[in-house]
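What follows is a set of notes on a single structure, which appears directly below.
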Amino acid sequence: MMRDQNETKLALGTVQFGLNYGISNVCGKTEEKEVVNIIETAWQNGIDTIDTARGYGDSEGVLGKTLRHPFRIVTKFPVSADTPQKIEQSLRASLKALGTENAYGFLAHDADILIKCPELWKMLVGLRKKKVVEKIGFSLYKPEQLKRLIELGILPDIVQFPYNFLDQRFKPFFQKLKSMGVEIYARSVFLQGLFFMKPCQLSIHFESLKPLLKRLQLELPDKDDLAAWLVQFVLKEKDIDKIVIGVNNSQQLKAILSGLLNQYSISVDTDTNIPEELLMPNLWPQNIQ
């Protein structure tokens, strides 16, 4: 396969390795033998970063069994790790499961824990000084979190937040983050698979999004093409350093990588005033269909 220069901006998300994740996922948790295939495909195509977390089921343990290449690993500690001791314990557990002595990145899975307990940041800085982790930071869900953390003087090496065709809430912060030397990781590029769901099958909660989703799927009826275009949309943002994508099998990853070489012509414009209850999966109804 021809190598595209943008492939190195991709990072492999691994929540599917430990959990049955994604609203359009009909395959369930990825089997270990398929994880090996995904990882090998990623490495052979220039993807050098893996994103995981303590909260992703046994994802870290699966990675510990299957990694055969020197990937940069970014992991996260849960909100339950609300003391310095618990943060250190979480990191030790992650490193043990992953079978490594250090990690590239160590993030708060939800930045609210740092807003609630700013003193925990000193612990993360200490871990970085010890070189157990190279970079520290946090994962965000709302722009208000980032505003507050900057006010508190908590400035990350890495920040991760959702960014996709529908959700561009964090774009106004790109320039400031880059001026501070922060690595920007975009996640939720597929919005947990919402882009691939048939609009007619979605509940009334998504009524205002259905026309837009329908137009997108009419222009790109092939799911692989739609997935590749969604990644391309985020790749256009030069300030984004890594785009975290998750797949259920190696064929999906190969299709996305192949699709990145294509030129898609799309006439669908996004709406920048989409309410958060449609952009944030934790605010979706339990049954979305």
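Any read-out appearing in this document is the output of simple, stated calculations on the displayed coordinates, not a laboratory observation. None of these values were measured; they are calculated from a predicted model. When we count neighbours, we look across all protein chains shown, and the Cβ atoms used for this are built from the backbone with ideal geometry, even at glycine.
Miscellaneous remarks
- Each Lys or Arg adds one and each Asp or Glu takes one away; over the other residues whose Cβ falls under 12 Å from the Cβ of residue 237, this sums to +4.
- The stretch 191-239 and the stretch 33-83 have Cα centres lying 26 Å from one another.
- Relative to the dominant Cα principal axis of the chain, helix 210-219 is inclined by about 70°.
- Relative contact order (percent, whole number), the stretch 211-274, Cα cutoff 8 Å, 6+ residue spacing: 44 percent
- Charge dipole (the chain, unit charges on Cβ, about Cα centre) - positive-most of 20, 106, 252: 106
- Our helix-only sum for the chain, with -39,500 (n - 2.57) per DSSP H run of n ≥ 4 divided by its residues, gives a mean residue ellipticity at 222 nm of -10500 deg cm²/dmol.
- Simple Cβ-charge dipole of the chain, Lys/Arg +1 and Asp/Glu -1, about Cα centre, in debye nearest 20: 640 debye
- Check: the stretch 142-289 dipole with +1 on Lys, Arg Cβ and -1 on Asp, Glu Cβ, in debye: 60 debye
- Contact order normalised by residue count of the chain, Cα under 8 Å, 6+ apart, percent: 20 percent
- Dipole of the chain computed with +1 at Lys/Arg Cβ and -1 at Asp/Glu Cβ about the Cα centre; of 123, 165, 209, farthest Cα towards the positive end is 123.
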